[in-house]
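Q: Sharing a structure below in structure tokens format, with a few things to ask.
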Amino acid sequence: MTQINTLDPGASPLDYYGYELRRCREAAGLTQKQLGDILGYTSSLVGQIETARKVPTPEFSERADVALGTDGLLSRLLMLVMRSQLPGWFQQVAELEGRASAIYIFQPQLVHGLLQTQAYAGAVLSAVSDNALESRTAARMARQRIFEKDKPPVFWAVLSEAVLYQKIGGPEVMRAQLLKLLAYERNPRVSVQVLPYEVGVHTGLMGSFDIFHFAGDPTIVYSEDYDTGHPTANPDAVESRSLRYDHLQAAALSVRDSAELIRHVVEERYGKQLKADRRPVA
């Protein structure tokens, strides 16, 4: 008789997910193979997820929820699983992103993680290590589910013009990434501004930072170095960083002019002709 691994659901979010998946499958009277056949996955994959050896995907979770009638349980648990795959020092930031009513970010070198495509995110993360790259990339992409909430946060990004030209992952990856930025033109809660080279000296020269606003809680500013992050609610730090951000927004191109510049870069550098969004001005 094959021995079934005993999971401790309190060991980690991934163990808890596996424990609940097995419990729900057995309650439905299904074998791993039967569930795999229903979901379109192998029994081996189902077994690996149940024993916390494989990180589930959103697609797997959604299909399993439907097949097992779990009312979205596994999809909700997946958010905890994905957060646990982030570096320990960054998990607090993911929590801040999930609770914030408004997020303001400045990035001088890279597209911010909340705006990245999967291919771009994978290329960025592979710069340090290919270890567990698939799960690390999935964890980064899962953070973007904050935009799917009933009331997503207001998100404002100021990106240096250098971000458009820093070739991450090659031309195809960059083309798709810049097109994703353009896709936010029609999203009233997401705004992207480009800080052009011609600005010269600006208030963001010390590096990237984020500002998180909350309903009823103090504002938090966040910056990071190579190995750790630095969130703080210190009023002086919040005031200083907020003032810097005001100056960055004022110096950057407008949202519409930024989109025009992004289109120009896509066409000139990454080889795709685009039509401008000629929406009437209200």
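What follows draws every value from the coordinates through simple rules; no lab data is involved. Predicted model only: the values in this text are computed from it and were never measured. Note: ideal-geometry Cβ built from the backbone for every residue, glycine included; neighbour counts use all protein chains shown.
Q: To the nearest 0.05, what FRET efficiency results for residue 38 and residue 92 with a Förster distance of 41 Å applied to their C-beta separation?
A: Taking R0 as 41 Å, the efficiency between residue 38 and residue 92 is 0.60.
Q: May I pose another question? Quick query: amide H of residue 155 versus all other amide H atoms, modeled in the peptide plane; which residues come in under 5 Å with a sequence gap of 5 or more or a different chain?
A: Correct list: 103, 190, 191.
Q: Return a single number: how many Lys pairs in the chain, at a sequence separation of 8 or more or on separate chains, have alpha-carbon atoms below 22 angstrom apart.
A: Total qualifying Lys-Lys pairs in the chain comes to 7.
Q: Further question: Starting at the first residue of segment 28-40, write each ³J(HN,Hα) from the Karplus equation 6.51 cos²θ - 1.76 cosθ + 1.60 with θ = phi - 60°, in whole Hz, x for Gly and Pro.
A: Karplus values, whole Hz, x for Gly and Pro: 7, x, 10, 7, 4, 5, 5, 5, x, 4, 5, 7, x.
Q: Further question: At 0.36 nm per residue, and after removing the present C-alpha to C-alpha distance, how many nm does the segment from residue 264 to residue 179 gain when stretched out fully? All intermediate terms of the calculation are to be shown ahead of the outcome.
A: Details: separation 85, 0.36 × 85 = 30.60 nm, distance 1.13 nm.
Result for the pair: 29.5 nm of gain on full extension.
Q: Which of 247, 212, 14 sits farthest toward the positive end of the charge dipole of the chain, with +1 on the Cβ of Lys and Arg and -1 on the Cβ of Asp and Glu?
A: Of the options given, the answer is 14.
Q: Can I ask one more? With a Förster radius of 25 Å, plug the Cβ-Cβ distance of residue 62 and residue 109 into 1/(1 + (r/R0)^6) and report the FRET value to the nearest 0.05.
A: 0.15
Q: Quote the FRET efficiency, to the nearest 0.05, computed for residue 205 versus residue 127 with a Förster distance R0 of 25 Å and r equal to the Cβ-Cβ distance.
A: Working: r = 23 Å, r/R0 = 0.91.
Rounded to the nearest 0.05, the efficiency is 0.65.
Q: Could you list the chymotrypsin sites (Phe, Trp or Tyr not before Pro) in segment 196-266 that lie in coil according to DSSP, counting only those with at most 10 other Cβ atoms within 10 Å of their Cβ?
A: 226
Q: How large is Rg over Rh for segment 23-66, taking Rg from the Cα atoms and Rh as the Kirkwood inverse mean of 1/r across Cα pairs? List each step's numbers first, then the result.
A: On the way: Rg = 9.4 Å, Rh = 10.3 Å.
Value, to two decimals: 0.91.
Q: Short version: ³J(HN,Hα) in whole Hz for each residue of segment 137-148, in order, from phi by Karplus 6.51 cos²θ - 1.76 cosθ + 1.60 (θ = phi - 60°), x for Gly and Pro, what are they?
A: Using θ = phi - 60°, the values come out as 5, 4, 5, 5, 5, 4, 4, 6, 5, 4, 6, 9 Hz.
Q: As a test of the definition: which semi-axes, in Å, follow for the chain when you take the square root of five times each eigenvalue of its alpha carbon gyration tensor? Largest first, please.
A: Working: eigenvalues 300, 97, 60 Å².
One finds semi-axes of 39, 22, 17 Å for the chain.
Q: Oh, and also: Hey, how many Å between the Cα centroid of segment 183-197 and the Cα centroid of segment 1-71?
A: Segment 183-197 and segment 1-71 have Cα centres separated by 40 Å.
Q: Further question on the same structure: How large is the Kirkwood hydrodynamic radius of segment 27-163, counting all unique pairs of alpha carbons, in Å?
A: 16.7
Q: For segment 117-216, what percent of Cα pairs sit more than 22 Å apart?
A: Percent of Cα pairs beyond 22 Å in segment 117-216: 42.
Q: Mind checking the full-extension length gain between residue 256 and residue 71? Use 0.36 nm per residue of separation minus the Cα-Cα distance, one decimal, nm.
A: The residue 256-residue 71 span can extend by a further 62.5 nm.
Q: Each residue of segment 216-224 in order: what ³J(HN,Hα) in whole Hz does its phi give by Karplus 6.51 cos²θ - 1.76 cosθ + 1.60, θ = phi - 60°, with x for Gly and Pro?
A: Going residue by residue, I get x, 10, x, 5, 10, 10, 9, 9, 8 Hz, with x marking Gly and Pro.
Q: To the nearest 20 Debye, how big is the dipole of the chain about its Cα centre, given +1 on the beta carbon of each Lys and Arg and -1 on that of each Asp and Glu? Numbers along the way, then the final one.
A: Details: 30 positive and 33 negative charges, 146 e Å.
Taking the Cα centre of the chain as origin, the dipole is about 700 debye.
Q: Say each of residue 234 and residue 187 gets a label point 7 Å from the Cα, pointing the same way as Cα to Cβ; how far apart are those two points in nm?
A: Spacing of the two 7 Å Cα→Cβ label points: 3.2 nm.
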